[in-house]
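The values are calculated or read from the model by the stated rules, or taken from the named source; none is laboratory data. All values reported here derive from a predicted model rather than from experimental measurement. So basically every Cβ, Gly included, is an ideal-geometry build from the backbone, and we count neighbours across all protein chains shown. The accessibility values were calculated without ligands, DNA or RNA, using every heavy atom of the protein model including side chains. Shrake-Rupley method; radii C 1.70, N 1.55, O 1.52, S 1.80 Å.
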Amino acid sequence: MQEASLRGPEFQAVEGLDVIHFEYDSAALKAPQLDILKRNAEYLKSQKGIEVLVAGYCDDRGTIEYNLALGQKRAKEVREYYIRLGVPGKTLATISYGKESPSCSDATETCWAANRRAETRIRI
C-alpha cells in the first residue's frame, strides 16, 4: 500500500499524540500500546489535510542493521494498526531511526526501555 511522502516540511510532534514503547527485541503491539494508538488514531482522524509519520526506534544493543530493521517493523506495525482503525493509509509514512536517535543514553534497563518506541508526528 502506498505511503505518504517523506519529502517536504518536517513532521512535528504534537500534544495529543502519545509515544508507545515496545518490549525488548519485539515489534508486537499489546493492550497498553493499543489503547494509546486508539486515542492517537481518533486524533489523526479528526485532523483534515495532514500527513503522518510513524518513526520506529530501538535501544543501543545489537547491530545498526538489526536495529534499523526492527525499528521499521515497529513503525509498520503501528501504521497497519492505524489503517485498521480508519486512518487513511495514503496519509501515513514510516521511517526507522534504529538506535541512532536515542531519547536516553544511559546503559540501564530504564533507559533502554525508553528508547524502544514508536513516535507519531504530523505535518500540515
- Task: Please work out the average accessible area per residue across the chain, using the 1.4 Å probe convention, and give it in Å².
- Result: 55 Å²
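Among DSSP bridges having both ends in the chain, what percentage is antiparallel? Round to the nearest 5.
Working: 9 of 15 bridges.
Rounded to the nearest five, the antiparallel share is 60 percent.
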- Note on the structure: Per the helix-only model, the chain has a calculated mean residue ellipticity at 222 nm (DSSP H runs of ≥4, -39500 (n - 2.57) each, divided over all residues, rounded to the nearest 500) of -11500 deg cm²/dmol
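Only Cα pairs under 8 Å and at least 6 apart count here; give the relative contact order of the chain as a rounded whole percent.
On the way: 247 pairs, mean separation 50.3, N = 124.
That works out to 41 percent.
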- Within the under-15-Å Cβ sphere about R79, not counting R79, Lys/Arg +1 and Asp/Glu -1 give a net charge of +4
- Message: Net charge within 10 Å of G8 by Cβ-Cβ distance, Lys/Arg positive one each and Asp/Glu negative one each, not counting G8 itself?
- Response: 0
- Query: How large is ³J(HN,Hα), in whole Hz, for each residue of the stretch 67-77 in order, when computed from phi with the Karplus curve 6.51 cos²θ - 1.76 cosθ + 1.60 and θ = phi - 60°, using x for Gly and Pro?
  - Reply: 5, 4, 5, 5, x, 5, 4, 4, 4, 5, 4
- Message: Quick check on my link table: of K30/K76; K48/K73; K48/K90; K73/K99, which ones sit more than 18 Å apart, alpha carbon to alpha carbon?
- Response: K48/K73
- Query: If you plug each phi of the stretch 31-43 into the Karplus form 6.51 cos²θ - 1.76 cosθ + 1.60 with θ = phi - 60°, what whole-Hz ³J(HN,Hα) values come out, in order, with x for Gly and Pro?
  - Reply: 3, x, 5, 4, 4, 5, 5, 4, 5, 4, 4, 4, 4
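Evaluate the charge dipole of the stretch 9-121 about its Cα centre and quote only its size in Debye, nearest 20, assuming +1 on the Cβ of each Lys and Arg and -1 on the Cβ of each Asp and Glu.
That gives a dipole near 540 debye.
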- Counting only residues 5 or more places away or on other chains, whose amide H sits under 5 Å from the amide H of S96 once H atoms are built in the peptide plane? G56
- Considering only protein heavy atoms and a 1.4 Å probe, what is the carbon-and-sulfur percentage of the accessible area of the chain? 53 percent
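Lys and Arg at +1, Asp and Glu at -1: add these up for the other residues within a Cβ distance under 15 Å of Y66 and post the number. If you can, show how the numbers build up before the last one.
Details: positive: R61, K73, R74, K99, R116; negative: D25, D59, D60, E65, E100.
For residues surrounding Y66, the net value is 0.
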